[in-house]
């Protein structure tokens, strides 16, 4: 059982469609991050959220941290083939040391 | 800055052999991590360190050992390689705890046969 559960695990959509990826936990996090990973590379940080209810936008990507700091979502508007990749959420549990734990990832494929 | 550098990039080991995966960062980060990533999956934390001389177990530490004698280096040791350790290994570093922003190396692809 993973601390951070991501859904869906796989997503295949057409260019121009919108999508939302979810990251859920029963635990409270001090902060939560979203990373994107391309084949053969390490994950690259997209955004960090630290305040419950926080919303951050990065061009066509919108990130939200749940009010209770147990969950997060990533929404992509008008997806493009360049958005294809593995999206990972990661977080530091509050009151549980310094471990940075990752979810299982959502593999996104955007078809032209 | 080079960031986080891992060596080697690829390695094939025979069952029972030992090896050390090297990781160096030049960003003066105090936190360093080792993860493994199985095909199509997320990352599982093996060990982490919050500073020189301090290490802690992560989610899947069995079969691995680490040391942190300097701020820059965080090697991962496999003593008796097993096929279950076939994976891609990533080293990462970060500076601030509350808003951790981890920087990753390019990974080491290890196959145990």
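The values are calculated or read from the model by the stated rules, or taken from the named source; none is laboratory data. Just so it is clear, the structure is predicted and the values come from calculations on it, not from any experiment. Quick reminder, even Gly has a Cβ in these numbers, built from the backbone with ideal geometry, and neighbours come from all protein chains shown.
So is residue A:2 in a strand (DSSP E or B), touching a residue at least 40 places away in the same chain (Cβ under 8 Å) and within 11 Å of chain B (Cβ to nearest Cβ) or not?
Considered against the rule, which asks whether it is in a strand (DSSP E or B), touching a residue at least 40 places away in the same chain (Cβ under 8 Å) and within 11 Å of chain B (Cβ to nearest Cβ), residue A:2 comes out as no.
Is it the case that residue A:74 is in a strand (DSSP E or B), within 19 Å of residue A:10 (Cα to Cα) and at pLDDT 90 or above?
yes
Look at the stretch A:9-44 and say how many of its residues are surrounded by 18 or more Cβ atoms within 10 Å (Cβ to Cβ) and either part of a loop (DSSP other than H, G, I, E, B) or within 9 Å of chain B (Cβ to nearest Cβ) (or both).
7
On the given criteria, is residue B:109 outside any strand (DSSP E or B) and within 14 Å of chain A (Cβ to nearest Cβ)?
no
Just to be sure I understand, how many residues within the stretch B:1-38 are free of Cβ contacts under 8 Å to residues at least 40 places away in the same chain and within 14 Å of another protein chain (Cβ to nearest Cβ)?
Count: 1.
Test of understanding: among B:42, B:53, which residue is within 30 Å of residue A:10 (Cα to Cα) and without any contact (Cβ under 8 Å) to a residue 24 or more places away in the chain?
So the residue among B:42, B:53 that is within 30 Å of residue A:10 (Cα to Cα) and without any contact (Cβ under 8 Å) to a residue 24 or more places away in the chain is B:42.
Spot the failing condition for residue A:93; the list is (1) surrounded by fewer than 16 Cβ atoms within 10 Å (Cβ to Cβ); (2) more than 9 Å from chain B (Cβ to nearest Cβ); (3) modelled with pLDDT under 95, and only one is missed.
(1)
Residue B:71 - would you say it is touching a strand residue (DSSP E or B) at 6+ places or on another chain (Cβ under 9 Å), outside any loop (DSSP other than H, G, I, E, B) and surrounded by fewer than 20 Cβ atoms within 10 Å (Cβ to Cβ)?
Criteria not met by residue B:71.
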